[in-house]
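Below: the structure, in structure tokens.
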Amino acid sequence: MKNYLFYIYCIIIISFFPSCVHYYYAPNQGPLLGLDHKGDIKAEGGWMGTVSSSRTKMRYSATAGYSPVNHLGIQGSFFHQREQSKESLGNLGSGRGYIAEGAIGYYGSLNKAFGKSDDLPVQVLFDSYLGYGQGKVFNFYQSGGLSEMSFHKVFLQPAFHINLEERLRISVAPRMTYLHYYEATLINNVTDEDNAHVRGLVRNNPFYIQEFCFRLETGNAWGKIFYSCALSSAPYGGISPITAQIGFQFDVDEIFSKKEK
């Protein structure tokens, strides 16, 4: 147990360190709301900012989901990230980008599937989502140039949501992502190195990326605070290996059901 806690601590600490390179893709957490019953409506927002002597980084996200019938979930999300370097770094410049996604999938209780009691202290929810997303990334170079890249992605994300008592949930989700850059534009003065990097991304299309998402959340029935972290296998330079954020989730149908009572 101590080893698991140590690994979780390391992931959280590493995710707070800013990077010093241009990125053309960053992993987001994907559909991890944990919808679990018919009529379930959840919405959340996340944010994180990091500052070092060389760079500042900010990211935020918004996610919403709905279950129209038992075992069927629909989720949509928007993720934005922006980085700004200090002038002393010369050629590193700054960048920003976004991803908009939609996903549909199945969910079900593993406790019920294996005939285990719902009264057990540990409840496990399984879900699997198939999703599609589009995004765009802008990188501004100190040389005065600009690169603008557009991509789309298709992903499959199974997940296990482990509920410990009523207050704590741990979610783990491997994700298989197909990433394709379908448009790349270079403007003004771009160095040979940056030009080669952008052209290399386009030339090596498509990318099959292995990603992994981890999430911790705690709270009550109508709202939870969460920390999430997404890691990427980064098969090519310029793909961010890690992103993280903290935020708050609202269980909308739970809030309205309490008001009706």
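With a cut-off of 11 Å, note down the residues of segment 126-152 whose backbone N falls inside the zone around a label point 7 Å from the Cα of VAL202 toward its beta carbon. Within reach of a label on VAL202: 148-150. Summing Lys and Arg as +1 and Asp and Glu as -1 over all other residues whose Cβ lies under 10 Å from the Cβ of GLN81 gives a net charge of +3. Using 0.36 nm per residue and subtracting the Cα-Cα separation, the extra length available between LEU130 and TYR60 on full extension is 22.9 nm.
Our estimate of slack between PHE256 and ALA221, defined as 0.36 nm per intervening residue step minus the Cα-Cα distance, is 11.4 nm. You can think of it this way: the chain between TYR236 and ARG82 has 53.4 nm of extra reach, that is 0.36 nm per residue less the Cα-Cα gap.
Throughout, read-outs are computed from the coordinates displayed, never taken from laboratory work. All values reported here derive from a predicted model rather than from experimental measurement. FYI the Cβ positions are ideal-geometry reconstructions off the backbone, even for glycines, and counts take in every protein chain you see.
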